[in-house]
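Below is one structure; the comments refer to it alone.
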Amino acid sequence: MRESKRKDVLLTAAECAERIGVTVRGLRTYEQRGLLTPARSAKGWRLYGEKEIARLHEVLALKRFGLSLSRIAALLEGRAVDLDRTLEMQKSALAEQRQRIDEKLALVGAARTKLSRGGTLSLDELITLAKETTMTQTSLDLIAQRRYEQARPRKTTPINPEIYDRYIGAYRFDAITGGIKITRVDDRLFSQVTGQAAYEIFPESETEFFLKVVPAQLVFSIDSDQSVNALTIHQNGVELVARRIDETEAQRAADELTRRIHDNRPQPDSEEAIRRTIDEARRGEIDAARMTEPLATLARERAEAVAEELSAKGALGEIRFVGVGVDGWDVYRAQFEKNETEWRIDLAPDGRVRGLFFRTLP
């Protein structure tokens, strides 16, 4: 039997507006901005099919993340509809929103339970409730927006390779462990994050570069005297700044790490930080203010799963420091009723946790 080709269903502007929940004027505005290109009937009426509805979904999603129509037009110019990426972006934002709401509900529930038992709320508890239960737009919406921007296709722009010399050198992160080294090989520029391989970066402009192996970009900051003072990595919805350091400072930092590893000397306050972190993780709580942004984002996404895993291990017993790892992270052992776990922690210069990892020991 011959299989017939499915015919696209077309909607008029009024039908499209009513079913999507927008106005006809809004559709006209999107068309005027170049965001939509509806088909036309024999009488000149605008018609909207699957392709136009999918593009409209992208436009509305980006608009909800706070982007202006001109910014959306720039993002989507010359690009085919990528509905899967838009849905993934929305999924991440909605999952984080659900997590935040669950956390707020838990705060309210705990406060009501305390009041029902005749207790009172302290000033700190009242401040926490006021801050955490206020429904405002959060950084996760911005992260989803960044992920969308970072994943768009990039094009190499030819520039004078002699410019590359000003970027060569060492840069150190504050928000995460380690740094990044920029090197030049002939007319090619490479970046190498601590502990990773070196990858070529390609220019979009004289200060903006991108990687082809992963959706990530590097943007160099230029002083008024044209010297480079820092770079920013844009990846996974996060922006990480690395400050340029001279070879002497880089060597001094390496020497200090070598001495600390040799002396088996933990970072200041790391024991207090690991005890607090384990206690919060068991309750499914995340104190984002005590973490750098990248770690806080990951911790929020994993909070529920980690809490369930630790709860299954039973009561928590002894926590003890066992040494400094070869990467400079402090290593602790936490004994639970059913299992022993190993925890590794790294602190930023300001005392916030910037690296955290745990595993169950055999």
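The values are calculated or read from the model by the stated rules, or taken from the named source; none is laboratory data. These figures come from a predicted structure and were not determined experimentally. All Cβ positions, even for glycine, are placed from backbone atoms using ideal geometry, and neighbour counts span all protein chains on display. Just the protein is used for accessible areas: all its heavy atoms, side chains included, with ligands, DNA and RNA removed. Shrake-Rupley method; radii C 1.70, N 1.55, O 1.52, S 1.80 Å.
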Exercise. Report whether or not GLY317 is at pLDDT below 90 and farther than 23 Å from GLN235 by Cβ.
Key: no
Quiz item: How many residues does the range 33-44 contain that are more than 15 Å from GLU58 (Cβ to Cβ), open to solvent by 70 Å² or more (accessible area, probe 1.4 Å) and at pLDDT below 90?
Solution: 2
Quiz prompt | Residue that is touching a residue at least 12 places away in the same chain (Cβ under 8 Å), in contact with a Gly (Cβ under 6 Å, 6 or more places away or on another chain) and surrounded by 13 or more Cβ atoms within 10 Å (Cβ to Cβ), where the choices are ALA288, ALA348, ALA303 | solution = ALA303
Quiz item: Does the range 133-142 contain at least one residue that is over 21 Å from VAL238 (Cα atoms), open to solvent by 80 Å² or more (accessible area, probe 1.4 Å) and modelled with pLDDT of 70 or more?
Solution: no
Self-check item: Flag if ARG265 is over 27 Å from ALA334 (Cβ atoms) and among the charged types (D, E, K, R)
Solution: no
Quiz item: Is there a residue being open to solvent by less than 70 Å² (accessible area, probe 1.4 Å) and in a loop (DSSP other than H, G, I, E, B) anywhere in the range 185-196?
Solution: no
Quiz item: Given (1) assigned to a helix (DSSP H, G or I); (2) within 30 Å of LEU310 (Cα to Cα), where does ASP255 come up short, assuming only one miss?
Solution: (2)
Exercise. Take the residues in the range 224-255 that are at pLDDT below 85 and acidic (Asp, Glu), then tell me which one is farthest from PHE173 (Cα to Cα).
Key: ASP225
Quiz item: Restricting attention to the range 233-248, does a residue exist that is in a helix (DSSP H, G or I) and farther than 13 Å from VAL353 by Cβ?
Solution: yes
Quiz item: Within the range 323-335, is there a residue that is surrounded by 14 or more Cβ atoms within 10 Å (Cβ to Cβ), touching a Leu at 6+ places or on another chain (Cβ under 8 Å) and farther than 21 Å from ILE261 by Cβ?
Solution: yes
Quiz prompt | Test result for GLU318, in a helix (DSSP H, G or I), open to solvent by 70 Å² or more (accessible area, probe 1.4 Å) and either farther than 27 Å from ALA242 by Cβ or of a type outside the set (Phe, Trp, Tyr) (or both) | solution = no
Exercise. Mind telling me which of the residues ARG112, ARG85 ends up being farther than 23 Å from ILE53 by Cα and modelled with pLDDT of 65 or more?
Key: ARG112
